[in-house]
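Structure first, then comments.
The values are calculated or read from the model by the stated rules, or taken from the named source; none is laboratory data. None of the values given here were measured: they were computed from a predicted structure. Cβ: placed from backbone, ideal geometry, glycine included. Neighbour counts: every protein chain shown.
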Amino acid sequence: MKTPPGVSATDFAAALGQFEAAVGKEWVFTSDEDVALYRDAYSPFWGEPEERVAAAAVAPGSVEQVQAVVRAANRYKIPLYPISTGRNLGYGGSAPNYSGSVVLDLKRMNRVLEVNERSAYALVEPGVSYFDLYRYIQEQGLRLMVDVPDPGWGGVMGNALDRGGGYTTHQFRNHFDAHCGMEIVLADGEILRTGMGAMPGSKTWQQYKSGFGPWVDGIFSQSNFGVVTKMGFWLMPEPDAYLTGVVLVPRHDDLIPLIDILNYLESSRVCQGISELSSPVMGLPAADDAPPVSPELAALIVKAVERDTRGLDEFAARKGRAAWSCTLKFYGPAKALQAQWEFAKDKFAQIRGSTFVDGALIKLPLSAEQKEKAHKVEFGIPNLSIFSLGARNANNPTPTNGHQWFSPIIPRSGEDVFEANRVFAQAGREYGLPVPPFSLPFCFWERSFLFLFGFPVTHDVEKNKKTRAAFTQLVRIAADHGWGEYRTAPAYQDLIMSTYSFNNHALLRFLERLKDAVDPHGILSAGRYGIWPKHLREGRQ
Amino acid sequence: MNRREILQGGIAATTLSIVGGAGWTPSSVSGDARPQSLPVYKVIFDQRVAEAREFGREMLQLGLAVQPIDGDMTNLWYDDLYPRWRQSPVAIAGLTAHGPLFCLERLAWDFGMRVVLRTDHQRAAKGSFGRALTGQVSLLQAAAGAGLADDEPDALISWVIAPVTRPLST
């Protein structure tokens with residue numbers, strides 16, 4: 001059995017005894033076999049000394065038990081690492097930032113405490129997965145939609161606290177933004193409720209977000225200031241219908257007006273779903289089984305990235321392929337959706353040569369057959385189908401163990417998409433980094449684009465070393481251009497926090513002051529998102 | 001290794017597990033955790049792959065309940081395994097790609113189950129397969145006797161997930 005760093009074997013044994021007294025002997029895990037289940041399956045340090053691993057795990061079944069565990073941990077200065085379901089693969093999974101921590105596994109706290117159909121909200125415990133909440137809503141016959149990530153086996157609360165996202169409308173697919181009210185066990189065991197929950201007997205904890213005074217919810221996301229034990233979420237009333245429409249534009253530089261119009265339509269809520277950009281001429285996004293890009297096209301793409309687009313435009317015209325397409329997605333009343341799509345077409349028609357493809361209007365609720373055929377996440381149906389991808393094929397001869405995502409946020413404009421591609425392509429050439437010839441941005445978040453480069457995670461130490469070096473290089477290059485990551489695996493959290501360095505790292509220094517004040521022994525999630533307690537900071541900066 | 005051999009390997013691994021019963025120790029929990037002796041509830045196969053389809057037919061002929069998947073195990077999990085495991089954990093076996101097993105293994109952990117036997121079949125040159133077997137030593141020896149080699153890694157995996165009893169920590 002591993003012992004937390006700086007903790008004597010005697011103290012650790014005493015703490016484990018108190019954990020057992022609090023939660024029951026069967027819910028304290030110390031054997032190597034049990035603790036190994038908390039390894040991060042996608043760790044970029046898999047099998048290396050730097051891999052972050054737990055010393056033990058404890059699984060409380062109630063808020064009172066969480067309080068008891070936290071108090072015991074404080075007494076013996078045991079580092080804890082709370083997880084909800086621990087399935088945020090690619091972002092750390094259930095492994096701690098700080099090796100030797102005791103995982104505070106909240107999976108047993110898996111009650112859906114309330115779902116209110118009339119007011120369209122849910123209140124859940126940490127161990128409630130998207131499958132659990134979806135099942136509850138289906139079994140109760142409620143006309144509500146859960147916005148789910150892909151894959152959907154993770155925790156509703158954990159994904160939101162990690163600031164993950166989904167696939168339906170603006171208001172719901174930013175999962176942290178969709179929350180309303182929290183309950184938190186602080187490092188000293190005290191319980192705090194945020195928003196309207198701060199008022200005893202409040203009738204609106206899940207209906208009004210900010211309560212009175214400073215709205216502190218944000219500091220409990222991507223952080224380590226408390227253990228969130230309840231969280232409310234606004235849910236989408238099941239819409240009447242869903243509609244898609246596709247706009248195609250002929251020239252490479254048409255991306256600029258295309259995105260400007262898209263921004264207008266999204267910011268005006270004319271279209272609400274997650275828009276998808278693609279490039280028919282470049283064959284992007286490329287399917288696993290897509291034929292290889294011809295040398296002619298590859299050369300034209302390189303030139304276009306360097307802003308010489310004539311060749312690619314001529315190629316597109318010759319082949320009869322659009323330069324870009326954008327799929328818009330609409331949720332709402334059927335009659336309104338048709339009108340909204342017509343309005344969108346009128347706007348895009350300003351781009352010379354634009355054409356349109358009308359999608360089929362789908363009335364909700366979906367039939368069982370429709371559910372099978374649908375892109376499930378767009379209808380709030382959790383699934384694990386993503387794990388059936390990545391099978392061995394001609395373009396993917398050695399499937400990997402998963403991915404870590406380099407995910408900078410860039411401005412939502414065509415010019416910035418071109419500039420980011422130019423910068424990353426140049427970095428790829430200069431440093432031999434695995435940068436794709438052209439990367440499409442994603443529209444997950446409002447008002448900004450997300451770039452996503454998936455780096456394979458393997459169990460090959462040498463390959464993982466190279467990947468980490470490339471990842472690190474790209475983070476620095478992105479930061480030099482003002483593009484920051486929105487989320488990352490523990491292995492890179494210090495690195496990325498170091499890029500948020502305005503005014504001599506004022507943000508991090510403020511967070512450290514908060515940490516020292518609310519968790520003076522530094523027992524909660526040491527190092528999470530770069531926030532280390534005082535006794536572990538020395539020598540790191 | 002040809003198609004017939006991978007089929008035989010999958011069947012041998014699975015049926016060994018089924019008849020083996022108590023006394024296994026899963027490779028991933030090789031300490032004191034002890035699998036309980038329970039019947040196999042379902043045998044799962046990836047119907048995208050010819051060898052797995054043939055495996056499914058063979059297991060059906062052995063009188064086992066079989067369940068095809070097309071690589072995605074979501075419906076199997078949501079409609080069948082989750083409700084069944086909520087009642088009580090029961091063993092499952094299969095011949096699938098890595099992805100479905102990866103999911104099923106992790107979901108099974110929450111019900112006190114582990115992968116207790118796993119055979120990796122690697123697609124080698126010209127579409128043939130090699131194998132690598134992991135599990136308890138005694139079971140590996142039995143598997144070797146059944147014609148299972150342990151020389152190469154995976155593309156298809158035959159596996160068994162079964163309940164284990166876990167010794168308390170102290």
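Annotations
- Some residue of segment A:70-84 being surrounded by fewer than 24 Cβ atoms within 10 Å (Cβ to Cβ) and within 14 Å of chain B (Cβ to nearest Cβ): no
- Residues within segment A:288-314 that are assigned to a helix (DSSP H, G or I) and more than 12 Å from A:Pro437 (Cα to Cα), tallied: 7
- For segment A:28-50, the set of residues classified as in contact with a Pro (Cβ under 9 Å, 6 or more places away or on another chain), within 14 Å of chain B (Cβ to nearest Cβ) and not in a helix (DSSP H, G or I) consists of A:Ser31, A:Tyr38, A:Asp40, listed by residue number.
- Applying the criterion of at least 2 residues that are over 23 Å from A:Val216 (Cβ atoms) to the helices (runs of 4 or more DSSP H) found wholly in segment A:482-541 leaves A:490-499, A:534-537.
- A:Pro60, sole failed condition from (1) in a loop (DSSP other than H, G, I, E, B); (2) surrounded by fewer than 23 Cβ atoms within 10 Å (Cβ to Cβ); (3) not charged (D, E, K, R): (2)
- Of all the criteria given as (1) more than 14 Å from every other protein chain (Cβ to nearest Cβ); (2) in contact with a helix residue (DSSP H, G or I) (Cβ under 7 Å, 6 or more places away or on another chain), the one not satisfied by A:Ala56 is (1).
- Considering A:Leu284, A:Leu277, the condition of being in contact with a helix residue (DSSP H, G or I) (Cβ under 9 Å, 6 or more places away or on another chain), of a type outside the set (Val, Ile, Thr) and crowded, with 18+ Cβ neighbours inside 10 Å is satisfied by A:Leu277 alone.
- Some residue of segment A:271-280 being more than 28 Å from the chain's Cα centre (by Cα), modelled with pLDDT of 95 or more and not hydroxyl-bearing (Ser, Thr, Tyr): no
- Condition check for A:Trp405 on (1) in a loop (DSSP other than H, G, I, E, B); (2) within 29 Å of B:His98 (Cβ to Cβ); (3) among the hydrophobic types (A, V, I, L, M, F, W, C): one failure, at (1).
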